[in-house]
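Note sheet for the following structure.
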Amino acid sequence: MLGLLETGSGFWSAIIWIVLVLVIGSIVIYIRNKGEDSYKKNTEQDKPFISGNPEESKESSHLSANHIYWGFTEALKGYYNPLVKMHTGNINDYSSWIIMLTVIILIVIGVSG
Amino acid sequence: MKKIIFGIAFIIFFSFLIVSAVNMRTFGEPTISEMDDYFIENAQSETGANNVVTSIVFDYRGFDTLGEATVLFTAVVGIVALFRGGKK
Amino acid sequence: MIGNLPYIAVAIFIGLGIYTLMFKKNLIKIAIGVCLIENGVNLFLITLGYKKGAIAPIYTQAPSGQAMVLPTPQALTLTSIVIGIATTALILSVAMMIYKHYGTLDTDQVRRLRG
Amino acid sequence: MKEMSRIVKTVTNFVYGFIIIFGFYIIAHGHLTPGGGFQGGAVVGSAFALLLVSYGSLNSNKFLKKDIFSLFENFGLTLFIVLGFSGLGITFFYNFLANSGSWFGDAAVIGINPGDMNTGGVIPLMNIAVGLEVLSAFGVILLTMARGAEFTKKKENS
Amino acid sequence: MNLSNHIPILIIAIPLLAAFLVPLIGRINKKATGILTTLALSVSLIFTIALAVKILTVGPQVYVFGATSPSLTLPSGLKFPIRIMLQIDAMSIFMGLITAVISFFGAIYSLSFIKKYDGVDKYYSLLLLLTVGMFGMEFTGDIFNFFVFLEIASIASVALISFRGVDYGEPAEAGFKYMMVSSISALMVLFAVGIFYGQYDLLNFAAIASMIKYSQLDKIALGLLIPVLAMKAGAVPMHMWTPDAYSEAPAPITMILVAASQASLYALFRIVFSLYNISLNALTVGWIIIIFGLLSMFIGVTMAIVQKDIKRLMAYHAVSQTGYMLLGVGVGLAVLANPVALQKYGITAMEGGIFHIMNHAMYKGLLFLTAGALFFRTGTRDLNKMGGLAHYMKYTTIFFIIGAAAIAGLPPFNGFASKLLIYESVYRFNPLLSIIAMVVSILTLASFVKVFHSAFLGPKLPQFKEVKEVPRSMVFAMAVLSCIIIFFGLFPDLIVKNLVHPAVMSLIEQLQYTGTVLGGM
């Protein structure tokens, strides 16, 4: 069949996947359309609720890239601090790393025979 | 700290260089030279040039020379592009 | 050992070049380091082609009956020398550009791109 | 770059023509004697460098024109690759003139000989093409970098 | 004159001739240069496709320069080749196709993108030269010729990276760094060439491959070649030039640089597989490459998450994706000496890795083009300053979504197909490697969500009122790349069966490679 990729322990077919997604998606949409009866458009229910605070203006509510995954990087500080520090941007380090790696590989190849 | 590690790496690298220099075949006595013997014997009759090196540069390995001229051209274009007027 | 002295000279050339690249802080010196490595490699190629007591591989009015050195390394070295000139010219031009914008050639300061 | 003293300029005037002629000699005899397009081109380029150094970059701009150099460079390269292309009836870079009896087509005397200009096939032509390319490439590089150096110096003074 | 015999050289020579002519044309008419470039690259693309068809039906091709016939590798009964030759098998033409497609669309994209800069003719000339360098690296069968083309490619890319160096300092800095890195690698390659020449008096890949003994000096040559070529491909921990160079180059050039670094990757595979093959200790070298791959994957993606510059972020992803290729092919190499494991999962792993090269070139190229489109209209690459651009640039947003989904390995795009091949085959080699690869894929998705959110989503920002969709030629280039991605995603089996599998087999079977040049031995 066209689009059937053998992976050695199974197969993958994008077309079958798309058909499945369409089928499951239509079932989900059907269930969703049955819906909640108490919901009414254009009432209080539509408005955002921010712990009772007033809603901010749209321009200032944009979350800039600095703040995304702040928690992730904060939690992995021990990993990130040395890693970012390693990227010094110094040309000497660039060439030093390549020599370092060459040495390691030469030793590994030499030892393993 | 970093400098010491890199220094050690450099010393080991240098010793590898020395090792390969010592392991190289003896200076001045090429063991295998089939390809070069062919050039020395046949370059004159095949290309008509007395200078074997030139006949290698422009005939047997002419494509290298084209590449080399291209490298020089690339560098010139790059330098001229680098020192062009700019927007200001 | 002593017969391989030219190869050891090559190793020293390359080693000095690598040292310059690793520990010198001036961009022009780094460019010189690249030139050193390049000269070392060129010397290596030309050394490989040498044959004891042989003459240059040119038939024009050559002394008769003598062996000729291997011609291929000479052709290769010629190519790599010209490539080296091109590289050096470009490196120096870029270094000049860096100096124009940064006002310095110190590698510790030429690192706006990092992280 | 500032211009240098009168002694240097006089010697340069005297010498640079010889250097250029020597360079062209090396280019033209590349297939017979040591040398060739690159070496000869570099020698001619050194004459330009001498002119540039002794007259200073501002003055030498009057008689060394970058535009003409880059035109010659493109011309030399195009000639080179066209010579490669013209062997395409057989293979790219085929030496179609060697031993053919036409231009540079005489067969060389095998073994040691005094040398004959009219041998080598496309090799002398390629030498000329490459020589032209290299000498004008050197000219362009020298002039451009000298002008760039003026830039950086201005920056330094301001 | 039979043209079909000369296709291999025409692929290289036509862009080269165009590169020499572009500055001449540029004196008369600046606009014509772009058209000439596109024309030359389209001719080269058509020839590459024709050559691919020929190779996949007939077999590997050789082209000997200056011989009396293009396929005469061994004149007058010699046992070794004396002339330079192009040697093109399924793997080379696979890479050649990538190069041709990427550089062609790069040129089309440049038609609009580069208009605001001066020195357009030089830009196009350099672009053509970079393409020539890549083609040469992929097609050549001569190790010194490889060095020459490596230098052409790296000098052209340095000049292009620092193309904006007249006005800003950072491109010049990036260019200097890349120049340093590529000079070291080119000189080490040349040193290795010298070592091979000194031992065997040969310069032809196939001839050396038939002679190689894995002596002490061969080991040193291998130890020099692996790290420098891995560095040019951007493997951790020698990847630091990648974000600098990729982020400062103009966007179409960044896309071509991705293909250029893959040409180095190709050279690495070619040297390990075709030159040394099982004469080396396959398990050790395989594990070296696998560890390179693991480090690249993980460090690349984790560094990408904290980036604020959109092109730097994508450049770190390029590092991370290179890790997948190294992982897949490294597993194949590690089991090279073990025919059972090779048949069972080694070939599949290599198929995944090699297929990923093509996929990566396509989607990473597309992503860099979208980043370039954002830069073209907003004038910034800083993600903190962007926002709400989906309101203004609808097509770009769609293309970005396609590219991001493909790189994150979401089905049904092409990234998923190749990653699935890698996961399933590597799992049988070592489950841990496969799990790390999956984690990296998730992190990739996470960081592209970040880009999507901060650049495209959000309210309309006042400073971007003037922003509108990019010009037509840029949209065209991105649209075609998206179509290729979707096509590869829907029918991965076509590509794997017809292009990738022959490429893998041509890497594994060394005798076939040497036999093309030296005759059936």
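The values are calculated or read from the model by the stated rules, or taken from the named source; none is laboratory data. Note that the structure is a prediction, hence the values are computed from the model and not measured. We place every Cβ from the backbone using ideal geometry, glycine too, and count neighbours over all the protein chains shown. Just the protein is used for accessible areas: all its heavy atoms, side chains included, with ligands, DNA and RNA removed. Shrake-Rupley method; radii C 1.70, N 1.55, O 1.52, S 1.80 Å.
Pairs of lysine residues in the range E:1-275 that meet both criteria, 8 or more places apart or on different chains and Cα atoms under 19 Å apart, total 8. Each label was represented as a point 7 Å from its Cα along the Cα-to-Cβ direction; for A:Asp46 and D:Leu50 these points are 8.8 nm apart. The distance from the alpha carbon centre of the range C:12-77 to that of the range A:1-29 is 61 Å, rounded to a whole number. Whole-percent P(r), the range E:350-420, all Cα pairs, 5 Å bins from 0: 3, 17, 24, 20, 14, 11, 8, 3, 0. Only Cα pairs under 8 Å and 6+ residues apart enter the sum, and on that basis the relative contact order of chain E stands at 16 percent.
Annotation: per residue accessible area for chain C equals 36 Å², rounded to a whole number [probe 1.4 Å, protein chains only].
Ignoring aspartates and glutamates fewer than eight residues from E:Lys364 along the same chain, the ones with Cα atoms less than 18 angstrom from its Cα are E:Asp244, E:Glu248, E:Asp309. Pairs of C-alpha atoms in the range B:2-82 farther apart than 20 Å represent 65 percent of all such pairs.
Under 1.5 on a/c is rounded, so check that first for the range E:1-275, then, if it is not, pick prolate when a/b is larger than b/c and oblate when it is not; a ≥ b ≥ c are the square roots of the alpha carbon gyration tensor eigenvalues. Here the range E:1-275 falls in the oblate category. A straight line joining the Cα centroids of the range B:34-58 and the range E:488-505 runs 45 Å. The residues of chain D present an accessible area of 46 Å² per residue when probed at 1.4 Å with all protein chains retained. Accessible area of E:Leu295 (1.4 Å probe, protein heavy atoms only, ligands and nucleic acids ignored): about 70 Å². The fraction of accessible area contributed by carbon and sulfur in chain D is 71 percent, rounded to a whole number (1.4 Å probe; ligands and nucleic acids excluded).
Direction-averaged projected area, Cα convex hull, chain E: 22.5 nm², rounded to one decimal. So, in Å, what gap is there between the alpha-carbon centers of the range E:19-36 and the range D:1-19? Rounded to whole Å, the Cα centres lie 38 Å apart.
The slack between E:Leu39 and E:Ile486, meaning 0.36 nm per residue of separation minus the straight C-alpha distance, is 158.3 nm.
Note on D:Tyr16: accessible area is roughly 80 Å² with a 1.4 Å probe, heavy atoms of protein only. Check cross-link reach from C:Lys25 to the aspartates and glutamates: straight Cα distance under 13 Å, and skip same-chain residues fewer than eight apart. Answer for C:Lys25, where 13 Å is the Cα cut-off: A:Asp93, C:Asp106, C:Asp108, listed by chain and number.
With the simple spin-label model, which puts each label point 7 Å out from Cα in the Cβ direction, the D:Ala149 to A:Ser64 separation comes to 4.5 nm. Restricting the calculation to Cα atoms, the range E:281-490 yields a radius of gyration followed by a Dmax of 18.3, 63 Å. Over the range E:378-494, the reciprocal of the mean inverse Cα-Cα separation, the Kirkwood hydrodynamic radius, stands at 15.9 Å. If you roll a 1.4 angstrom probe over the protein chains with everything in place, what fraction of the accessible area of the range E:260-363 belongs to carbon and sulfur, to the nearest %? Carbon with sulfur: 69 percent of the solvent-accessible area. Looking at the range E:389-521, how many pairs of lysines come closer than 27 Å at the Cα, when each pair is eight or more places apart or spans two chains? Number of lysine pairs found: 10. Put simply, chains A and E cover up around 4800 Å² of each other's accessible surface, both sides summed, when a 1.4 Å probe is used.
Under 5 Å between amide hydrogens, built in the peptide plane, is the criterion, and for D:Met4 it picks out D:Tyr55, D:Gly56 among residues at least 5 positions away or on other chains. Backbone phi angles across the range E:144-151, fed through the Karplus curve with coefficients 6.51, -1.76 and 1.60 (θ = phi - 60°), yield HN-Hα couplings of 6, 4, 4, 4, 4, 6, 4, 5 Hz in residue order; Gly and Pro are listed as x. Once a ≥ b ≥ c are taken as the square roots of the eigenvalues of the Cα gyration tensor of the range D:6-157, is the result rounded (a/c under 1.5), prolate (a/b larger than b/c) or oblate (a/b not larger than b/c)? Here the range D:6-157 falls in the oblate category.
Computed over all pairs of different Cα atoms, the Kirkwood value for the hydrodynamic radius of chain C is 16.7 Å. Per residue, the convex hull spanned by the alpha carbons of the range E:32-77 comes to 84 Å³. With Cα atoms as the point set, the radius of gyration and Dmax of the range D:53-112 evaluate to 19.1, 52 Å.
Expressed per residue, the C-alpha convex hull volume of the range E:1-88 stands at 105 Å³. Summing Lys and Arg as +1 and Asp and Glu as -1 over all other residues whose Cβ lies under 13 Å from the Cβ of B:Arg61 gives a net charge of -4.
Highest mean first, the peptides E:414-422, C:57-65 sorted by other C-beta atoms within 10 Å per residue fall in the order E:414-422, C:57-65. Semi-axis lengths, largest first, of the ellipsoid equivalent to the protein assembly as shown are 48, 33, 27 Å, with √(5λ) applied to each eigenvalue of the Cα gyration tensor. Per residue, the convex hull spanned by the Cα atoms of the range C:12-73 amounts to 90 cubic angstrom. Mean per-residue shielding of peptide E:131-144 is 2, counting Cβ atoms of other chains within 10 Å of each Cβ. What FRET efficiency comes out for the pair A:Ser57/C:Asp108, r = Cβ-Cβ distance, R0 = 51 Å, nearest 0.05? Working from the Cβ atoms, E equals 0.70.
Average accessible surface for the range E:281-490: 29 Å² per residue, computed with a 1.4 Å probe over protein heavy atoms with every protein chain in place. If you take all other residues with their beta carbon under 14 Å from the beta carbon of E:Phe400, and give Lys and Arg +1 and Asp and Glu -1, the sum is +4. The fraction of accessible area contributed by carbon and sulfur in the range E:384-509 is 73 percent, rounded to a whole number (1.4 Å probe; ligands and nucleic acids excluded).
Electrostatic tally near E:Leu342: other residues with Cβ closer than 13 Å to its Cβ, Lys and Arg +1, Asp and Glu -1, net 0. Using Cβ point charges alone (K and R +1, D and E -1), the dipole size of the range A:1-92 about the Cα centre works out to roughly 120 debye.
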